[in-house]
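See structure below.
The values are calculated or read from the model by the stated rules, or taken from the named source; none is laboratory data. Predicted model only: the values in this text are computed from it and were never measured. We place every Cβ from the backbone using ideal geometry, glycine too, and count neighbours over all the protein chains shown. Accessible surface areas use protein heavy atoms only, side chains included; no ligands, DNA or RNA. Shrake-Rupley method; radii C 1.70, N 1.55, O 1.52, S 1.80 Å.
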Amino acid sequence: MSERTIEPLIVVGVDGSRHSRAAVRWAVEQARLVGGRVHAVMAWEWNRNPFAIGMAEAQFAEQEAVTAEEAARRKLADTVTAAVGASPGVPVFRRVEQGSPAQVLVDASQEADLTVVGTRGYGGFKGALLGSVSQQVVQYSAGTVVIVREDGDKDEDKDGDGDGGGA
């Protein structure tokens, strides 16, 4: 009786930033090397107004939430395609989940063999070495985490000598 093997699962956090595109490229290449599959995960949050108690307000809020989720789905699809093309050569599944990005990725890490994130996304300070979501994923993930720097980190290398520093 032969034992069925399951391909390794690599979860990669995506927010549409160039750092997350680099993380997607790295995750797909790693999946190619290990015969794995990739789940590209994007989180979206919707905060309902707790004071909107009327039926019309509730329906409007529900419609806006659907619109926000659909926008996240489109952004995820566009980011993955921009990073690795339409046929990356390994299975890449797109997952959009409601919740804070760090918590969604930590939860996804429970089923992953490897979790991949970029150094930082859209938020935070440009000079920060690591974004808050990446820090939380490293701290609370259920398994191994890889943090991928953007290809070349061009913005960090102001003088063009490759060391990341200025003058």
In order through segment 80-87: 3J(HN,Hα) via Karplus (6.51 cos²θ - 1.76 cosθ + 1.60), integer Hz, x for Gly, Pro: 4, 5, 5, 7, 10, x, 7, 10
Might you work out the accessible area of Asp15 for me, using a 1.4 Å probe with all protein chains in place, and round it to the nearest 10 Å²? 50 Å²
Roughly how much of His39 is accessible, in Å² to the nearest 10, using a 1.4 Å probe? 30 Å²
Order the following by accessible area, largest value first: Glu29, Glu150, Glu111. Probe radius 1.4 Å; ligands, DNA and RNA are ignored. Glu111, Glu29, Glu150
What accessible surface, in Å², does a 1.4 Å probe find on Thr144, ignoring ligands, DNA and RNA and rounding to the nearest 10? 80 Å²
Excluding Ala142 itself, calculate the net charge of residues whose Cβ lies under 11 Å from the Cβ of Ala142, where each Lys or Arg counts +1 and each Asp or Glu counts -1. -3
Can you tally the net charge around Leu105? Count Lys and Arg as +1, Asp and Glu as -1, for every other residue whose Cβ sits under 11 Å from the Cβ of Leu105. -2
Phi-derived 3J(HN,Hα) across segment 6-12 with the Karplus relation (6.51, -1.76, 1.60, θ = phi - 60°), rounded Hz, x for Gly and Pro, is 10, 4, x, 9, 10, 9, 10
Residue order for Ser20, Ser132 - accessible surface, 1.4 angstrom probe, largest first: Ser132, Ser20
